[in-house]
Amino acid sequence: MVKAIATSSRTRDIIRKHRFTFKKSLGQNFLINTDVLDQIIAAAGLDETRGALEIGPGIGSLTERLAKEAGKVTAVEIDRRLIPILQDVMSPYENVSIVHSDILKTDLQQLWQEQFSGLAGVSVVANLPYYVTTPIIMKLLEERLPLENIVVMVQKEVAERMAAKPGGKEFGSLSIAVQYYCEPELICIVPGKSFMPAPNVESAVIKLKRRSEPAVIVPDEAKYFHVVQTSFSQRRKTLANNLSAFSGKERKGELSELLLGIGIQPERRAETLSLQEFALVCEMLIKNGMLA
Ligand code: SAM
């Protein structure tokens, strides 16, 4: 029986056969651990009625398993050198499409229409290139794609930030953006030796289950995230200090009074506020003409 691609011997064979050399700048660390693969697949909850978008298939370690589990798999890879390799290793699977593109420059609405119409649901399942994890996640969330969930391998610290609750130092604007749209669930921690070549950081698999409605009702999404970003602009400063960017120096005293009026101590730090409290702050700033 042919071994899975996600084993060190098969990965080595494919790399040798195609004389492939890893590009660190593209975050190329290929998964060589089938137990981790099992956990990713179980978390994604795929079946033949569902589709999977894979970002960065590499030589196809995850793509191979997705092809067996999902009705349709579309894999978007930036590295031109990997396209013929993927076409070769994926030739037994009719339900796989390989797209040569940079995911950040890809029109995802169009890709959805072309690749996934008629399916019961679509998940993003990927071992993400670490140098662009946050922009990719933000693009997936902000484009409001009809996604069921996102199951991704990311750097452990990034997974912790996505799942962080208010109060700790990991809680920040990424936690809020992710939790506004999704319910995060940490699936497993993955050591460096599960990859070829091994990165010198730990990784984690995280599942982001898309909420049917955002976690909080906000007056205006763009303004809400602007308030969040501004509140975290200097983490060591108090909330009132960071928010004075909206009130101006002359109305700073008034701003503190207004914060107290909505039950928020002005000397609190942004990382202690809940998503709901940020919504209250946003509403208060708009109401008082500090945020147009
Ligand atoms: N999925 C494979 C695996 O698990 O073994 C490879 C994962 S590797 C961490 C990341 C992959 O993403 C590489 O194949 C890399 O070439 C690709 N990649 C990097 N930047 C990309 C981008 N902007 N768009 C699409 N693919 C990208």
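Worth a mention:
Conditions tested, residue by residue: (1) modelled with pLDDT under 95; (2) small (G, A, S); (3) more than 11 Å from the ligand (Cβ to nearest atom); (4) surrounded by fewer than 21 Cβ atoms within 10 Å (Cβ to Cβ).
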{"residue": "N29", "(1), (2), (3), (4)": "no, no, no, no"}
{"residue": "I32", "(1), (2), (3), (4)": "no, no, no, no"}
{"residue": "P57", "(1), (2), (3), (4)": "no, no, no, no"}
{"residue": "K68", "(1), (2), (3), (4)": "no, no, yes, yes"}
{"residue": "E94", "(1), (2), (3), (4)": "no, no, yes, yes"}
{"residue": "S101", "(1), (2), (3), (4)": "no, yes, no, yes"}
{"residue": "K105", "(1), (2), (3), (4)": "no, no, no, yes"}
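- Residue in segment 184-192 that is part of a helix (DSSP H, G or I), under 24 Å from F225 (Cα atoms) and either more than 16 Å from the ligand (Cβ to nearest atom) or free of Cβ contacts under 8 Å to residues at least 12 places away in the same chain (or both) present: no
- In segment 200-221, the residues that are out of contact with any Lys or Arg (no Cβ under 8 Å at 6 or more places or on another chain) and surrounded by fewer than 16 Cβ atoms within 10 Å (Cβ to Cβ): N200, R211, S212, E213, P214, I217, P219, D220, E221
- Boolean, I5 is among the aliphatic types (A, V, I, L, M), under 26 Å from T134 (Cα atoms), part of a loop (DSSP other than H, G, I, E, B) and near the ligand (Cβ under 9 Å from one of its atoms): no
- The test for being away from the ligand (no atom under 14 Å from the Cβ) and under 21 Å from the mean Cα position of the chain (by Cα) does not hold for Q87.
- Selection from segment 193-219 of residues that are within 14 Å of the ligand (Cβ to nearest atom) and among the β-branched types (V, I, T): V201, V205
The values are calculated or read from the model by the stated rules, or taken from the named source; none is laboratory data. Since the structure is predicted, the reported quantities are computational estimates derived from the model, not experimental observations. Backbone-built Cβ (ideal geometry, glycine too); neighbour counts: all protein chains shown.
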